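Peer 1: Quick one: the structure is below, questions incoming.
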Amino acid sequence: MSQIIERIVLFKVKDDVDSVKIDAMLNGLNSLATIDQVLYLSAAPIHRLRSSSAFTHVFHSRYRSKEDLSAYAAHPDHLRVVEENMPIWEDRMTVDWIPHDVPGILKPHAGSVAKVTLLKVKENVTDEARKEIVIL
């Protein structure tokens, strides 16, 4: 049985990057939505970030299974877009997860807003406490 898997990638674009290159990055990332394994994909500037990290852009995608995510990650178009844009990224962070509740609509409506909260649990937290945090 396959499980939906979600991916969020946060990017920090270098401060001195021209807006034409940033637009090309977003166009390239959004063009990856045509890859067969992708159920949903969107890349855009971050509206608001409450973190000490200075990420500037977000990429969100959804896949029918871990295998589909792996096939997407190895796809030549994906590899090309990553290679083309790596020089303008100062930092990036990727988070993959299997959602607890899968929405009935696999593709959010155009203009939808999403809020994502990522938590970094301290290293000295017990396994029992970690399980309580995950239930939140």
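The values are calculated or read from the model by the stated rules, or taken from the named source; none is laboratory data. As the structure is a prediction and not an experimental result, all values here were calculated from the model. Glycine also receives a Cβ, built like all others from the backbone with ideal geometry; neighbour counts cover every protein chain displayed. The protein model used for the area step is the full one, side chains on, heavy atoms only, and it has no ligands, DNA or RNA in it. Shrake-Rupley method; radii C 1.70, N 1.55, O 1.52, S 1.80 Å.
Peer 1: Starting from segment 51-63, take each residue that is over 21 Å from VAL17 (Cβ atoms) and list its partners that are aromatic (Phe, Trp, Tyr), counting only C-beta distances under 6 angstrom and pairs at least six apart or across chains.
Peer 2: ARG62/TYR40
Peer 1: Restricting attention to segment 42-66, which residues are under 16 Å from the mean Cα position of the chain (by Cα), open to solvent by 30 Å² or more (accessible area, probe 1.4 Å) and not basic (Lys, Arg)?
Peer 2: Result: SER42, ALA44, PRO45, ILE46, HIS47, LEU49, SER53, ALA54, THR56, VAL58, HIS60.
Peer 1: Please state which one of LEU69, LEU39 is part of a strand (DSSP E or B) and open to solvent by less than 30 Å² (accessible area, probe 1.4 Å).
Peer 2: Answer to the selection: LEU39.
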